[in-house]
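Before any comments, here is the structure.
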Amino acid sequence: MSFERKKILVLGAGYAGLQTVTKLQKMLSHQDADITLINKDEYHYEATWLHETAAGTIDWEEGVYPINKVIDTQKVVFVPAEVTAIDKESQQVETTQGTFDYDILVVALGFESETFGIEGMAEHAHSLVNPQTALAARQEIERNFAKYKQSNEDKDISILVGGAGFTGIEFLGELVESIPELCERHGIDYNKVNLTCVEAAPKMLPMFPENLVEYAMQYLKDRGVKFMVGTPIVAANENGFVVEVEGEKQQLEASSIVWTAGVRGNRLMDESFEGVKRGRIMVNADLRVEGYDNIYAIGDVAAVMNGEESRPWPTTAQIAMQLAEHTAKNIQLSLKGDKLEPFSYNDRGTVCSLGSKDGIGLVMGRQIKGRKAALMKRVIDSRAVFKIGGPMLAVSKGKML
Ligand SMILES: Cc1cc2nc3c(=O)[nH]c(=O)nc-3n(C[C@H](O)[C@H](O)[C@H](O)COP(=O)(O)OP(=O)(O)OC[C@H]3O[C@@H](n4cnc5c(N)ncnc54)[C@H](O)[C@@H]3O)c2cc1C
């Protein structure tokens, strides 16, 4: 390829940013471009495994790997730093490790918790947005079990989960697996543990057909989970959630509260671009930001339109990785002076785990449940590791062995 050497700057090393870089390093030679990747931490984390860290079914180290392990350091400079500002006019990005110029920018700064202004939620509830927050939830749950045994109280141990969406249900699926073991370790009767899921909408898991939702709900109910659907949480405090039932406010007491009902794109997006809604910016068909031919936004910071339904695709790891592959391809085309290609999403389906041995899913239009779904989930999780890090990483970090 012969063209002027460009500076490509990629922000964020989640599924979107890291997949972009690992593709670019294969597609471009050192003479073609300077590639720099900036990420807060020195490691990549599997965000789709955070509920497992939070419930204690995996150690947090199992869901992370060093970024240097998957990048070609001959072609990519990795800078561990926090991005603090994006200046589109001067084509510069400010970070805690200095200012970086770019010719082409890929913004892949991912998601944060969204509490929709519910009073006290951000201060009092745990969220599952990165390994630190997931670990904090787990440590508090474990501390409460240890304290309970020592206190000789006759009160139950209560955990409240806000939200019966994908993350809330997957988290409950892990909890019903880890809590019996925690009870055994501390000599606590499992019947003394209250697990309650509170959901404002009348229905949980809206992306799945009714029979699969029923299956998941029954699976969790059989293991002691109580559901309060159609019950909005109006506040959170040191004692638990305040909910509204038939117009009356009620305090639900709990030793741990976890909020899983909302995510948004990175707040830096609202500060850096116009027309951003909840941290997500609408992108053109070729994944560039309107008005900026040299800026791509991908993953959870992007609203990518589903042409058929006239609304954006839900933000997922699956689409983030496809957006990344497409962005790498379009960057290569742009460097050659060729026309960019429009993105088209290949939705392969979704699997919601219920712990490590069960689950529900819609894959290639077919329904699956039980052990088959659990196995499929392990395949999906391992595939993400393989796609970014290749076979060696899939062997050491994947879930197939
Ligand atoms: C518990 C859970 C389960 C999920 N399960 C599934 C699933 O089964 N299937 C699925 O497809 N999706 C799932 N998702 C959604 C999926 O995890 C996200 O859609 C995906 O992580 C988005 O990828 P991303 O690369 O855009 O962002 P992220 O994964 O959020 O990565 C963003 C990266 O940017 C870094 N960063 C953020 N801010 C800064 C900054 N200022 N400076 C420097 N670096 C920064 C972060 O540290 C991170 O490394 C799940 C999410 C959760 C929470």
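The values are calculated or read from the model by the stated rules, or taken from the named source; none is laboratory data. Nothing here was measured: the structure is a model prediction, and the numbers come from that model. Using ideal geometry, Cβ is built from the backbone for each residue, glycine included, and neighbour counts are taken over all protein chains shown.
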Check your understanding: For segment 311-324, does any single residue satisfy the condition of being aromatic (Phe, Trp, Tyr) and either in contact (Cβ under 8 Å) with a residue 40 or more places away in the chain or away from the ligand (no atom under 12 Å from the Cβ) (or both)?
Key -> no
Check your understanding: Does Gly63 fit the bill of being touching a residue at least 24 places away in the same chain (Cβ under 8 Å), out of contact with any His (no Cβ under 9 Å at 6 or more places or on another chain), surrounded by 15 or more Cβ atoms within 10 Å (Cβ to Cβ) and on the phi > 0 side of the Ramachandran plot?
Key -> no
Study note, to complete from the structure: Residues of segment 271-299 being over 18 Å from Gln19 (Cβ atoms) and among the charged types (D, E, K, R), in sequence order, are Glu271, Glu274, Lys277, Arg278, Arg280, Glu290, Asp293
Exercise for review: Specify the residue that is surrounded by the most Cβ atoms within 10 Å (Cβ to Cβ); the eligible residues are those in segment 213-234 that are more than 24 Å from the chain's Cα centre (by Cα) and outside any helix (DSSP H, G or I).
Suggested key: Thr231
Check your understanding: So Val263 fits all but one of (1) in contact with a Ser or Thr (Cβ under 8 Å, 6 or more places away or on another chain); (2) over 30 Å from Val193 (Cβ atoms); what number is the exception?
Key -> (2)
Exercise for review: Go through segment 191-210 and count every residue that is within 20 Å of Lys357 (Cα to Cα) and at pLDDT below 95.
Suggested key: 1
**Study point:** 2 or more residues in contact (Cβ under 8 Å) with a residue 24 or more places away in the chain and under 24 Å from Leu205 (Cβ atoms): qualifying strands (runs of 3 or more DSSP E) within segment 239-282
**Key:** 240-245, 256-259, 263-265
Point to revise | Test for Ile71: is it touching a helix residue (DSSP H, G or I) at 6+ places or on another chain (Cβ under 9 Å), within 21 Å of Thr22 (Cβ to Cβ), more than 15 Å from the ligand (Cβ to nearest atom) and not charged (D, E, K, R) | key: no
**Study point:** Number of the exception - Val193 against (1) within 26 Å of Phe145 (Cβ to Cβ); (2) crowded, with 18+ Cβ neighbours inside 10 Å; (3) touching a residue at least 60 places away in the same chain (Cβ under 8 Å)
**Key:** (3)
Practice item. Scan segment 282-301 for residues that are within 16 Å of the ligand (Cβ to nearest atom) and crowded, with 18+ Cβ neighbours inside 10 Å and report the count. Key: 10
Revision key, fill the gap. Counting only residues in segment 23-42 that are surrounded by fewer than 24 Cβ atoms within 10 Å (Cβ to Cβ) and within 13 Å of the ligand (Cβ to nearest atom), the one nearest to Glu112 (Cα to Cα) is identified as Lys40
Review point. Out of the residues in segment 115-165 that are of a type in the set (Val, Ile, Thr) and within 15 Å of the ligand (Cβ to nearest atom), which is surrounded by the fewest Cβ atoms within 10 Å (Cβ to Cβ)?
Key: Thr133
Practice item. Name every residue in segment 340-386 that is crowded, with 21+ Cβ neighbours inside 10 Å and either at positive phi or of a type in the set (Gly, Ala, Ser) (or both), in order of residue number. Key: Ser353, Gly355, Gly359, Gly361, Ala373, Ala374, Ala384
Practice item. Say whether the condition of being more than 18 Å from the chain's Cα centre (by Cα) and either within 22 Å of Leu175 (Cβ to Cβ) or at pLDDT 95 or above (or both) is met by at least one residue in segment 314-321. Key: no
